[in-house]
1. Taking VAL155 as meeting all but one of (1) modelled with pLDDT of 90 or more; (2) open to solvent by 40 Å² or more (accessible area, probe 1.4 Å), write down the number of the exception.
2. So if I check each of GLU121, GLU115, which one is modelled with pLDDT under 90, more than 23 Å from SER23 (Cα to Cα) and open to solvent by less than 60 Å² (accessible area, probe 1.4 Å)?
3. Can you say whether SER116 is touching a helix residue (DSSP H, G or I) at 6+ places or on another chain (Cβ under 8 Å) and touching a residue at least 60 places away in the same chain (Cβ under 8 Å), as far as the supplied structure shows?
4. Out of all the residues in the range 103-112, which are open to solvent by less than 60 Å² (accessible area, probe 1.4 Å) and of a type in the set (Phe, Trp, Tyr)?
5. Which residue pairs have Cβ atoms under 8 Å apart, sit 6 or more places apart or on different chains, and have a first residue in the range 74-102 that is crowded, with 16+ Cβ neighbours inside 10 Å and a second that is not in a helix (DSSP H, G or I) and not basic (Lys, Arg)?
6. Can you name every residue in the range 2-23 that is of a type outside the set (D, E, K, R), in a helix (DSSP H, G or I) and open to solvent by 30 Å² or more (accessible area, probe 1.4 Å)?
7. Looking for something aromatic (Phe, Trp, Tyr), out of contact with any Pro (no Cβ under 7 Å at 6 or more places or on another chain) and farther than 29 Å from PRO149 by Cα - is there at least one such residue anywhere in the range 50-60?
8. Within the range 158-180, track down each residue that is assigned to a helix (DSSP H, G or I), more than 16 Å from PHE100 (Cα to Cα) and not hydroxyl-bearing (Ser, Thr, Tyr).
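The values are calculated or read from the model by the stated rules, or taken from the named source; none is laboratory data. None of the values given here were measured: they were computed from a predicted structure. As a convention, Cβ positions derive from the backbone with ideal geometry for all residues, glycine included, and neighbour counts pool all protein chains shown. Just the protein is used for accessible areas: all its heavy atoms, side chains included, with ligands, DNA and RNA removed. Shrake-Rupley method; radii C 1.70, N 1.55, O 1.52, S 1.80 Å.
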Amino acid sequence: MTLDHFWLLFNGLSTTLEITFFSLLFGSMIAVLLTLAMINKIPGLNLLARTIILLFTGTPLLIQIFLIYSGPSQFEWIKDSFLWDYLRQAKVCAIIALSFNTAAYSALLFKGAIESVPRGEWDACNALGMNRGQTLAVIVPHAIRRVLPSYSNEVILVLKGTSLASSITIMDVMGYANQINGQTYDALMAFSAAGIIYLGMNGILILIFKQLEKKALAFQS
């Protein structure tokens, strides 16, 4: 493996970051909806939220990616609909799988953070005559500070999880590593180089979240 091969890996860096960004964006939105459904115990939606969480936390991410990528093509009504324009794209399928996967885990983190807020704060809101929405508006900022360290780990897991996207033909960092391995038969160097890139990205994320945690603590004090 030459230095040119190493730089070739960076061709997939933008794809890796794109999948990570959109997966976290959509995943956080879905997680908020799942959390609200569980916290407010909305009939029907509460059961749906818990079912989604069970499915996506109880099965491997790789299987989820394969099912979302290969599954829709088995249904003619999907292929005949506008959805097929999106579901035929490997990148879209990877983002959908990662979004729901991280949403399931994040919803559990968010729910736990909200429930960990001291009961006294809930009672104070009730004593002031606040409704459910107003109470959550007060409680959620406290919960965010509590969940930040755990959520940073989830962000890192999503970034590492994008490496599985190469299994459905996506040319991200891992996809190029597989290509280089096929050309040079030097698996040790190809995947070690890819590992170094992932390690660097994870290191940057850790530093960013450390700064966010410090600011959250400073704001709290």
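1. Result: VAL155 fails condition (2) only.
2. Sole residue among the options that is modelled with pLDDT under 90, more than 23 Å from SER23 (Cα to Cα) and open to solvent by less than 60 Å² (accessible area, probe 1.4 Å): GLU121.
3. Criteria not met by SER116.
4. PHE110
5. Close Cβ pairs (under 8 Å, with a partner that is not in a helix (DSSP H, G or I) and not basic (Lys, Arg)) amount to ALA90/THR169; ALA90/ILE170; LYS91/ILE170; ALA94/ILE170.
6. Step one: filter the range 2-23 for residues of a type outside the set (D, E, K, R), giving 2-3, 5-17, 19-23.
Now restrict to residues that are in a helix (DSSP H, G or I): 3, 5-17, 19-23.
Once the filter is applied, which keeps residues that are of a type outside the set (D, E, K, R), in a helix (DSSP H, G or I) and open to solvent by 30 Å² or more (accessible area, probe 1.4 Å), the range 2-23 yields LEU3, HIS5, PHE6, TRP7, LEU8, PHE10, ASN11, LEU13, SER14, LEU17, PHE21, PHE22.
7. No: the range 50-60 contains no residue that is aromatic (Phe, Trp, Tyr), out of contact with any Pro (no Cβ under 7 Å at 6 or more places or on another chain) and farther than 29 Å from PRO149 by Cα.
8. Within the range 158-180, ILE168, VAL173, MET174, GLY175, ALA177, ASN178, GLN179, ILE180 meet the criteria.
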